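Below is one structure; the comments refer to it alone.
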Amino acid sequence: MKIGILTATRTDNNGTDLQALAMLNMFRRLGAGDVELIDYVCQGLESSRYLLKPLSLRKILYYPIKLCLHYKHVRFRDLYFKKSSTKFNQETLATAQYEKIVVGSDQIWNLIITDNDLSFFLPFERKGLRKYSYAASIGRDDIHSWESKFLLSEKLNDFQTVSVREDSAVKTLSEIGITARHDLDPILMGSVDDWKGFIKRTRNEKYMVIYFMDSHSSAWSKAKELAKIKGWDVININPVLRSYGGVSTLRCVGVDEWLSLIANAEMIFTSSYHCLSFAILFNKSFCLVPEDNSVQNNARMIDLVNRVGLQKCIYNQSYDYSQIIDWGSVNTVVGELRRKSEEYVRLIINN
């Protein structure tokens, strides 16, 4: 039975590409013989890599970096993604010939990010089609305005099962009459061995990785202070124009290099959900730095660290970087969550 996975597959973001690949490999590993990523063009996501007006000097200077990153992402997807031979858009997605479509993971139900693209809610009928979601993320705690405008509950009622990535999303959907289950992000559904082929050791010196979305001046100071005590280099892997004293900034890091830098780091300071997920998977010491003025984005990451018992790794002014993580306990919790999600994936495949 042919299964199509509908997720973000054309966004130049390392975590997004890796979650799509993890989703595909998870279904293959658990018994799906005929499964592929649906090559879907979401205009809201596509526009994120264009040089949009109004122009500014900063945007123009940044554009070569975006082109470099785009090339590396396309190359990675061409090498590792099994995608549909047909490219779909909002008008043609209903013609995609699958017996089952699984939507997820990542923030594909965040209408701000997708620019109100409802295709990820599969708003069409076709005889014999079964609809599922897996670890889909909404990115908001209040969707009543979306419900009023787009009637999301009517669309989700057509799903065989609704699965989301955050506990908060289970509550949010219950408020519009949708029963949902919680499942792990596909990155945490695999093992370290799944990624060994992508990981290379390119640096002999020990180093700390910083991967922030915001500036976080106090966190920068704490990270550099720790690195100095430990004798580590500090590597910033954000594609930003700004340079920081005493820090190596790598602006055009491809997907496999990004993963390698995380896997070989001594410690990670991050505000990225997928960087956090890989830190947990690889059992890397980390500090989660909540983003300024971004309660919604912080909630999905705090939800994850709470679930695996790592609340002490959330940054604050009195953050203790000498703490030791009991990875045995964390891995036990992740393993239990993984088994429950594996049962659900097998249900999708075999139903």
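Laid out as a table, the results:
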{"read-out": "Of residues in the stretch 215-229 being surrounded by 14 or more Cβ atoms within 10 Å (Cβ to Cβ) and of a type outside the set (Phe, Trp, Tyr), the one modelled with the lowest pLDDT", "value": "216"}
{"read-out": "The stretch 170-208, subset surrounded by 17 or more Cβ atoms within 10 Å (Cβ to Cβ), assigned to a helix (DSSP H, G or I) and free of Cβ contacts under 8 Å to residues at least 40 places away in the same chain, residue nearest to the chain's Cα centre (by Cα)", "value": "170"}
{"read-out": "Near pairs, Cβ below 8 angstrom, 6+ apart or cross-chain, from the stretch 71-93 (surrounded by 13 or more Cβ atoms within 10 Å (Cβ to Cβ) and of a type in the set (D, E, K, R)) to any residue that is at pLDDT 95 or above and part of a helix (DSSP H, G or I)", "value": "72/255; 77/17; 83/77"}
{"read-out": "Index of the failed condition, residue 7 passing every other in (1) surrounded by fewer than 17 Cβ atoms within 10 Å (Cβ to Cβ); (2) at pLDDT 90 or above", "value": "(1)"}
{"read-out": "Where residue 120 falls short, out of the listed (1) in contact with a strand residue (DSSP E or B) (Cβ under 6 Å, 6 or more places away or on another chain); (2) within 24 Å of residue 344 (Cα to Cα); (3) modelled with pLDDT under 95", "value": "(3)"}
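Rundown of residues vs (1) in contact with an Asp or Glu (Cβ under 7 Å, 6 or more places away or on another chain); (2) outside the structural domain of residue 252 (by TED's automatic domain parsing); (3) over 26 Å from residue 185 (Cβ atoms), yes/no style:
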residue	(1), (2), (3)
13	no, yes, no
40	no, yes, no
77	yes, yes, no
94	no, yes, yes
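The values are calculated or read from the model by the stated rules, or taken from the named source; none is laboratory data. Model, not experiment: these values are computed from the prediction. Neighbour counts run over all protein chains shown; Cβ positions are idealised from the backbone, glycine included.
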